[in-house]
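These notes concern the structure reproduced below.
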Amino acid sequence: MEQVSNIQQLAVAPTIDPQSIASSAVKIKLSIGEFRTNKKDKQVAAQAARANGAKVSALTAKKDILADCIEYHNLKNWIAAVPRKDFAAATMPWEDGGWRLVTTLRLLNNLLPMLGDYENEYNNLLRIFLESYDFAVSEHLSTLGGMYDRTLYPSKEVVRSKYRWEVTTAPIPQASHYVLDLESEAQDALKQQFQQHFDHTIQAAVSDVWNRLRDNLTVLVRQLAPKDEIDAQGNQKYGRMHSSVFDTAKDLINLMRDFNLTNDTQMVAVADQLESALYGMNTEIIKNSENLRVQKHTELQGILAGLPSLDV
């Protein structure tokens, strides 16, 4: 296929320049503290073991001490589904410890405003939960019955101290940053070691972009494909298209351009191909035209087939 061939011809190993990347990107970490309500109950585990003739050491039992507190679970579920998910989607993996990579342009124009809005929502949901906390503690006597243990519920002030919202940024390190005072031979050795580590880290981030795109296009192509069946009127049946999958594909175009830190010509080509295929499209337009659906399926299948194979 010509489209696949054109993309693959551009697959030239990119040059990774730590100094260039350090000047255009930063490390960022989002830390969200929470009060955990799942607690072990050794007494219940022991009772269950005895009732079933099992060893106590073979069983564990857990209970949610705020199982019926809607305000707590609204906050907990929102944290997992919104800020943490969107933060990961807007950044790239970078080393361990929760650090992510973001370009300075994306940080200022997109990520910080988004996180500012989310912090306000976080504080609002936290306030609502704390206002309901004392009542929820007393109510869970009837919820947990014999498993209720008042000592597991700290004061509202202690619960509040468990919650925190921290956004931390740091510069991308460079080899010269910490080897200037060393002997020349040691400098060379450490710089080489740093370059190898840096190369691996950047390639892992780039691979994350490709893998996100591959996963998304795999689902989208499957949704566009015809099924092996027809409806009662004899019309071809197709898979169900989800707007979230389609919108993610569009978002990945900007992601590839923002995080093409190595100036990878293949990533530029794929972004251009994807933008051309999806320009002016949405799920409703495609659903209402069988010819358009077949066309987009073919185009996206070609882009998917031309993606690089990565083993990082």
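The table below lists the values:
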read-out	value
Qualifying residues in the range 239-252 (those that are open to solvent by 50 Å² or more (accessible area, probe 1.4 Å) and in contact (Cβ under 8 Å) with a residue 12 or more places away in the chain) - the one farthest from V270 (Cα to Cα)	R240
The range 115-153, subset open to solvent by less than 90 Å² (accessible area, probe 1.4 Å), polar (S, T, N, Q) and under 34 Å from the mean Cα position of the chain (by Cα), residue nearest to F87 (Cα to Cα)	N123
Test result for K39, charged (D, E, K, R), in contact with a strand residue (DSSP E or B) (Cβ under 8 Å, 6 or more places away or on another chain), open to solvent by less than 70 Å² (accessible area, probe 1.4 Å) and at pLDDT 90 or above	yes
Any hit, the range 7-20, residues being among the aliphatic types (A, V, I, L, M), more than 30 Å from E131 (Cα to Cα) and either at pLDDT 90 or above or in a helix (DSSP H, G or I) (or both)	yes
Pair list, Cβ < 6 Å and 6+ apart or interchain, from the range 258-286 residues that are touching a residue at least 24 places away in the same chain (Cβ under 8 Å) and acidic (D, E) to residues that are buried (at least 19 other Cβ atoms within 10 Å of the Cβ) and outside any helix (DSSP H, G or I)	D258/T103
Residue within the range 218-226 that is touching a Phe, Trp or Tyr at 6+ places or on another chain (Cβ under 6 Å) and open to solvent by 60 Å² or more (accessible area, probe 1.4 Å) present	yes
Residue list for the range 283-312, filter: of a type outside the set (S, T, Y) and modelled with pLDDT under 90	K287, N288, E290, P308, L310, D311, V312
Complete set of residues in the range 253-265 that are open to solvent by 10 Å² or more (accessible area, probe 1.4 Å) and not in a loop (DSSP other than H, G, I, E, B)	I253, N254, R257, D258, T265
Positions within the range 55-74 being modelled with pLDDT of 90 or more, among the β-branched types (V, I, T) and open to solvent by 70 Å² or more (accessible area, probe 1.4 Å), in sequence order	I70
Matching residues, the range 54-100, being of a type in the set (S, T, Y) and outside any loop (DSSP other than H, G, I, E, B)	S57, Y72
Odd one out for R84, checked against (1) at pLDDT 90 or above; (2) surrounded by fewer than 13 Cβ atoms within 10 Å (Cβ to Cβ)	(2)
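The values are calculated or read from the model by the stated rules, or taken from the named source; none is laboratory data. It should be emphasised that the depicted structure is a prediction, and the values quoted were computed from it without experimental measurement. Positions of Cβ are backbone-derived with ideal geometry, glycine not excepted, and every protein chain shown enters the neighbour counts. Ligands, DNA and RNA are stripped out before the accessible areas are found, and what is left, the full protein with its side chains, is counted by its heavy atoms. Shrake-Rupley method; radii C 1.70, N 1.55, O 1.52, S 1.80 Å.
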